[in-house]
Amino acid sequence: MMKLHDIVKKYDCRVYTKDLLDNRDIHFAFCSDLMSDALIIMNSVKDERILDHAILITGLATQQSIRTAEMLDVNVVLLIRGKMPSDKVIQLALESNIILIATDITMFNVSGMMYAEGIKGIKYDIQW
């Protein structure tokens, strides 16, 4: 588990939705550039506490990633590899109450670093 503020600091994240930033606990993460994969796996989660404490890690800096997070009730999206969202994506994140952050670190490396800190991956039918 990591605090969101620790993730922002440790991985040198830019925060695009500063007004929404809080210090929630992050226990789980899922990585994908295919939002259909995120929908399939994360829709299998039955315990909403998992999604309340989850982060979606993606290189897809488009409205689609925000819409997917919104549909899944995941409130934090981490863009990787230095991806920069457009103003439209940032505005949609604000309107959707999605915390949008970004790092220059690759998906593989940031995932491994988070796993080493105790963040668990989301898989089919995961239990709290």
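The values are calculated or read from the model by the stated rules, or taken from the named source; none is laboratory data. Bear in mind that the values here come from a model prediction, so they are computed numbers and not experimental data. When we count neighbours, we look across all protein chains shown, and the Cβ atoms used for this are built from the backbone with ideal geometry, even at glycine.
Starting from segment 84-101, take each residue that is over 21 Å from Asn23 (Cβ atoms) and list its partners that are at pLDDT 95 or above and in a helix (DSSP H, G or I), counting only C-beta distances under 7 angstrom and pairs at least six apart or across chains.
Lys88/Gln63; Val89/Gln63; Val89/Ile66; Leu92/Gln63; Leu92/Ile66
Scan segment 93-128 for residues that are among the aromatic types (Phe, Trp, Tyr) and either assigned to a helix (DSSP H, G or I) or in contact with a strand residue (DSSP E or B) (Cβ under 8 Å, 6 or more places away or on another chain) (or both) and jot them down. So that I can check it myself, show each step before the final result.
Our first condition is that a residue be among the aromatic types (Phe, Trp, Tyr); within segment 93-128, this holds for 108, 115, 124, 128.
If the condition is that a residue be among the aromatic types (Phe, Trp, Tyr) and either assigned to a helix (DSSP H, G or I) or in contact with a strand residue (DSSP E or B) (Cβ under 8 Å, 6 or more places away or on another chain) (or both), then Phe108, Tyr115 are the ones that fit.
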